[in-house]
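Written out below as structure tokens is the structure these notes cover.
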Amino acid sequence: MLNRRLPYLVTTATCALVALTLTTIGCAGGGQRDNPRLNLPRHPARASHSGMISGPFDSPQAVTRACLKCHPAAAGEVMATSHWTWESDTAQSPLTGQTMRIGKKNLINNYCIGVQSNEPRCMSCHAGYGWKDSSFDFSNAENVDCLVCHESTGTYVKDPNGAGMPAAGVDLEAVAKSVDLPTRRNCGYCHFAGGGGDAVKHGDMDGTMNLPNSRIDVHMGRFDLQCQDCHRTKQHVIGGRLLSVSNRSESDAACTDCHSARPHAQERLNAHTDAVSCQACHIPRYAIETATKMSWDWSQAGQDITPEDAYLYDKKKGRFEYASQVIPEYLWYDGSVEHYLPGQRIDPAAVVSINRPAGTIHAAKAKLWPFKVHRGKQIYDAVNRYLMVPKTFGPGGYWTEFDWDQALRLGSASTGLPYSGKYGFVATEMYWPITHMVAPKSAALQCSDCHGANGRLDWQALGYEGDPLLYGGRVQAGLVTADLPGERP
Amino acid sequence: MMRAKTCLLSLFLLGLSCLLISAARSGQASPFHPAFALLDQQGRNVLDNGTAVSPMRTCGQCHDTQYIASHSFHAGAGTGGRPEPEGRTVLRAWDTGLGLAGRWDPLTYVMPTAVGESSPQAGAQWLRQLGYRHVGGGPSLALSGNQAEMNCFLCHMQDADNAARIAELEAGRFAWAATATLGRSGIVQRTAAGWKWDAAAFAPDGKLAAARIKLGPPSSANCGLCHGVVHNAAEPLALDYSLRNWSTETTGQVYSPQRLNASALNLADKEHLFRPWDIHAERLLDCADCHYALNNPSVSREAPETQPEHVLYDPRRLTHGQFLQRPRHGFAKGDSAQGLVAPATDHTMRGCVDCHDAERTHRDWLPYVKRHLRILSCEACHIPHVYAPARSATDWTMLTASGDPRLEYRGIGQDTAPQAGRFPPSAVMTGYQPLLLPRTAPDGTSKLLPYNIVTSYYWIGELEPAAGAAHAAAQPVPRAILQHAFLPLGTHAASLVAALDTNGDRNLSSAELILDTADKVQVAAKLLEACGVSRPKITCELAPYDIHHGVATAQWAVKSCADCHSADSRISSPLQLGSFLAPGTTPAQAGAASVVLAGALRQGSDGMAFAPSTATAGLYILGHDRWLAGDRLGGGAVLLALLFVAGHGGMRLLVRQRQRRRGGDR
């Protein structure tokens, strides 16, 4: 009897269970679920190389040759990326009108100013060996530095003045045997130390991210995400884009790669996402623990001020300002950027924007983004009225001779930009979008942080008629040229 | 047509009110306020003779300041006799009114000063001592010889200099209190010779641009100057404990959008406290959003009991111009246990349910929503914990060496008291779980509301009898007599040291200054009698202070059924009161009688505690309360059901067996 009824009982119980499960899911869901972990990329299986590689190696190029025996395509892939070429995009040259390739290789910044003529120093962050001047052979695969990205001992360092060569004393066999998937420490070797020291350049990336807690960055601290989890990599092409050296308008790394576009439980918060970037609220401050450089005045360099202080004054470099726990500046940003290009005329009486983010309140695509704005005072040709790259490092450079005129002549020889013989100093601004140091959601901005009496946003300066909480958002106020999907008219 | 007109009028009012409100929210001065001359009491420009500004004269150039002052319970401070409407308040024999001027408070220990009965010296003393809590006008005006006018700047000026105002009041320079309030604006400076106007800040015609002193609607920060800590700045919150921050001192309430873990306080488990101090502050609500001027045409409304059924919105109200001329400063209010003034305006404020649809937001998960909402105030669940310490007891029965009462606080380590207003940084602030007590509304309904109870101990006794009276009426022993009796030469009397010094170090520490035995009481009483106090007796008061701020979102609210429906339900969680109960003393409730101390006092080794009783409160809490008959009935029902199931099953089994047998026979 029981045997005859068993199928019915099982069927009924299963149906009940399924119905219960569906009901539970329905109740719990209540909307679009934000489950970012499901969207994280899967990493390839790790393989220990300690038994595969044997030394000794008499040069770092010998290590690369060993790598290429098993990974013959790897060097070619790397050599096609901007990590090797230090250029990626194209722009029209203000001098010649011709299309030129731009990148870190030839763009001017307002920290150390420029790479050209200073290669031996700057190339300590190049993923290659021996780029000491324009004669560097970009087609030689043996010069690809596999180790800087893949070694895992933490003992591999480059000679700071050695054009990318490893420092003396590095045990090449040991580091070669240790190769593994890149970690934050590998990427951070260069990216945390941009500008010549920890936390100097970016503001939202520094050495605290090697072993961060969730207060520094919730992704890396709480969930141990590595850089390539967001900067997804295929054939050594690493996703992402840096506003200081690229003018591409689209980034291939975004919060929405993992998160829903409307991830908040409160609809009022979701209504912000058409006009406000995730970073604007979820990175309330940058330079959390380590101070970052906020300004650099080259015009003060060359003075014998004692004692010198790495955070205040350096005779070689001038005067600095550093800050930690910095509240970002907020700008409309549609993803594109207006770069200062070599040879572009400037107005010495005005502040020169090195890489002004494009976007206004009227552009539907633009969102409010947080930026670190690094303010500088740097050298320019007073007759030709364009920014110049002085030779600072090496023989004849400013750091040796403290002679701006000579430094500019030597720099001019490398860049090809004519130098008139007269120079001055002009105020500049450089913009660094803040995308790392994401705080836990419990520390994200609250209503009062922006809409309160002491809110951090200057609504009218941003183009609003007033606080949108009281005057309505940009769509309601008719400020946007095209309707945004999902925003109320 | 009529409907269209009503809609248009509503839209206009809404737009105008948005403009007015936005001025306050954005932290800007009112965009409409014209330039004006600062006038002195004689109506002359203050620049003419360097005289003190008169707010009544100055603001009275456009606003009806006489109307405003006469309709302000902040100015009136409960003067006007001793109404005791239908036993709604518990007044003491020596109270002469319901407010600051008439109701004695053991926390301040300043005797009420009945206007017209006091000597000028006594009146000035009252103003010096309590002026920090009074806006001026009303009793202040009367007691100061018409000098301490109602101070409009205190509430309507951003960055009002309250410290300078209080300093002038304490120094007895009452006429200059309003001028000092302008101290931070830069239009007047304090010099060695007094306050000096900066003529350069004024226009050539002697007028001052309103934006120069940022006049506008009152912000929460203005209200906080007298009522408690309001913190809108980005700097980490630090708390100053004194009666100047009244609500913070008495309850631990803080009105701030800042996250708890962003404060400078040493809060327990701080890392995980990422909620704001008050969600309404975080959502940018100002005090005046709920406590609005009752004739404000933007928000005023008729009481439901007087509004005709067929009317949803009555457009007949003041124009904004009329309102700005005569804004009624009797603000919408609730029914506070200790704030007894203006009972006629009780329950006029915008409450939780005026903005939130509690039934709708809770029905998805909370069973018996209506039943819960009928019994519980919103605050009962949405203020589950007060994170800042609060005063728990004030003991005037024995003075410390500095002549002050011994203070106790809850929500921080025992015997930890603030030094110069600040708790020591090493003291961990645990906060406390408020007591849930039933409060009866005028319609007779009762809801549980969170409270702190502040216990006060003080001596009462009879001093000189009044002329023609056989006996003097008992009253609190004046502080001067307490000091003379207990600290005759600046140190504790020898007899006190002999009786109280338990560790034999010849000094009386705070822990030793407790009259917890009859012998100790006797020693102290004798000292008072020696100073002319007849029949000294210790009185113990329990003053419930209701808690409405510090509201949390649903994430932090009480949600677990077991929090209430269990043996250790928070509804019956006891609250530690004072550290002792003097022998022969029966604590009495102080304040509004609408709050019911439903429960029992318990005295243990660690002092006195109040244990709420659900039975006394008329509540039956499932999972917490037991009703024996009900339990038996339920058990019986279960047994009967089991018996029925077993009987039915057994009978079916029998029938089945019989059918099988018959089948086998065939």
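Dipole magnitude for segment B:348-451: about 260 debye, using +1 per Lys or Arg Cβ and -1 per Asp or Glu Cβ, origin at the Cα centre. For the residues of B:267-275, the average number of beta carbons from a partner chain within 10 Å of their own beta carbon is 1. For segment A:400-443, a reduction of at least 30 Å² in accessible area between the chain on its own and the assembled protein chains (probe 1.4 Å) is found at A:S442.
In terms of the mean number of neighbouring beta-carbon atoms within 10 Å, the peptides A:133-143, A:89-99 order highest first as A:133-143, A:89-99.
What is the angle, in °, between the Cα long axis of helix B:2-25 and the longest principal axis of the Cα atoms in chain B? Nearest 10 is fine, range 0 to 90. So the inclination is approximately 70 degrees. How much of the accessible area of segment B:519-561, in percent, comes from carbon and sulfur atoms when a 1.4 Å probe is used? After summing per-atom areas, the C and S share lands at 53 percent. Other residues whose C-beta falls under 13 angstrom from the C-beta of B:H362 contribute a net charge of +3, scoring Lys and Arg +1 and Asp and Glu -1. Pairwise over distinct Cα atoms, reciprocal of the mean inverse distance: report the Kirkwood radius of segment B:145-296 in Å, one decimal place. About 17.4 Å, per the Kirkwood formula over Cα pairs. Once Lys and Arg get +1 and Asp and Glu get -1 on their Cβ, which of B:G607, B:P574, A:Q116 lies farthest toward the positive end of the dipole of the protein assembly as shown? Farthest towards the positive pole: B:P574.
Highest mean packing first, where packing is the average number of other Cβ atoms within 10 Å per residue, the peptides A:352-362, B:314-324, B:46-56 line up as B:46-56, A:352-362, B:314-324. Where a ≥ b ≥ c are the square roots of the eigenvalues of the C-alpha gyration tensor, would you call chain A rounded, which needs a/c under 1.5, or, failing that, prolate if a/b is larger than b/c, or oblate? Here chain A falls in the oblate category. Taking only protein heavy atoms and a 1.4 Å probe, the accessible area of segment A:49-168 is 53% carbon and sulfur.
Computed about its Cα centre, the charge dipole of segment A:98-182 is approximately 420 debye, with only Lys, Arg, Asp and Glu carrying charge at their Cβ. Note on segment B:228-263 and segment B:482-535: Cα centroid distance 36 Å, given to the nearest whole angstrom. Interface area, chains B and A: about 1300 Å² of buried accessible surface, summed, with a 1.4 Å probe and ligands, DNA and RNA left out.
Across the options B:L265, B:S300, B:Q189, the greatest Cα extent toward the positive end of the charge dipole of chain B (unit charges at beta carbon of Lys, Arg, Asp, Glu) belongs to B:S300. The residues of chain B expose on average 49 square angstrom of accessible surface per residue, using a 1.4 Å probe on protein heavy atoms. Taking 24 Å as the limit for the C-alpha separation, the pairs B:K370/B:K447; A:K367/A:K441; A:K104/A:K177; A:K132/A:K316; A:K104/A:K441 exceed it in the case of A:K104/A:K177; A:K104/A:K441. Counting GluC sites (Glu not before Pro) as exposed when in a DSSP loop with at most 14 other beta carbons within 10 Å, what is the longest stretch of chain B free of them? The reported range is B:310-666. Label-to-label distance for A:D34 and A:V383 is 5.9 nm, based on points extended 7 Å past Cα in the beta-carbon direction. An oblate overall shape is assigned to segment B:295-347, the ratio a/c of its alpha-carbon gyration tensor axes (a ≥ b ≥ c) being 1.5 or greater and a/b not exceeding b/c.
From its DSSP helices (H runs of at least four residues, each -39,500 (n - 2.57)), chain B gives a residue-normalised ellipticity at 222 nm of -8000 deg cm²/dmol. Sorted on the mean count of surrounding Cβ atoms within 10 Å across their residues, most packed first, peptides A:285-291, B:415-421, A:151-157 read A:285-291, A:151-157, B:415-421.
About its Cα centre, the dipole of the protein assembly as shown is roughly 3500 debye, where the only charges are +1 on Lys and Arg Cβ and -1 on Asp and Glu Cβ.
The Rg/Rh ratio for segment A:409-456 is 1.37, where Rg is the radius of gyration of the alpha carbons and Rh is the Kirkwood radius. The alpha carbons of the protein assembly as shown occupy a box of 127, 115, 87 Å along the principal axes, longest dimension given first. Amide H contacts of B:Y545 (H built 1.01 Å from N, in plane; Pro and chain starts excluded): B:N452, B:I453, B:V454 sit under 5 Å, all sequence-distant by 5 or more or on other chains. For A:K315, the lysines whose Cα comes closer than 23 Å to its Cα, not counting residues fewer than 8 places off in the same chain, are A:K201, A:K293, A:K377, A:K391, A:K422.
In this structure, the amide hydrogen of A:G114, modeled 1.01 Å from its nitrogen in the peptide plane, lies closer than 5 angstrom to those of A:N109, counting only residues at least 5 positions away or on a different chain.
The mean count of C-beta atoms from other chains within 10 Å of the C-beta of residues in A:448-456, rounded to a whole number, is 6. Each residue of segment A:242-259 was assigned a 3J(HN,Hα) from its phi angle through the Karplus expression (A = 6.51, B = -1.76, C = 1.60, θ = phi - 60°), giving 10, 4, 6, 10, 10, 10, 5, 8, 10, 9, 9, 9, 9, 4, 6, 5, 10, 8 Hz with x at Gly and Pro.
Is the shape of segment B:407-519 best called rounded, prolate or oblate, per the rule: a/c under 1.5 gives rounded, else a/b larger than b/c gives prolate, else oblate, with a ≥ b ≥ c the square roots of the Cα gyration tensor eigenvalues? Taking the square roots of the gyration eigenvalues as a ≥ b ≥ c, segment B:407-519 is oblate.
The Cα atoms of chain B cover 128, 84, 54 Å along the three principal axes, with the biggest extent listed first.
Farthest toward the positive end of the dipole of segment B:301-424, out of B:A401, B:V353, B:L373, is the Cα of B:V353, where the dipole comes from beta carbon charges about the Cα centre.
Work out which helices of chain A, taken as complete DSSP H runs, extend at least 30 Å along their axis over the Cα atoms and score a mean Kyte-Doolittle of -1.0 or more, then list them. Helix filter hits for chain A: A:2-29.
The values are calculated or read from the model by the stated rules, or taken from the named source; none is laboratory data. Not measured: the values here are computed from a predicted model. Note that we place each Cβ from the backbone using ideal geometry, even for glycine, and neighbour counts take in every protein chain shown. Note: accessible area is taken over every heavy atom of the protein model, side chains too, but ligands, DNA and RNA are not part of it. Shrake-Rupley method; radii C 1.70, N 1.55, O 1.52, S 1.80 Å.
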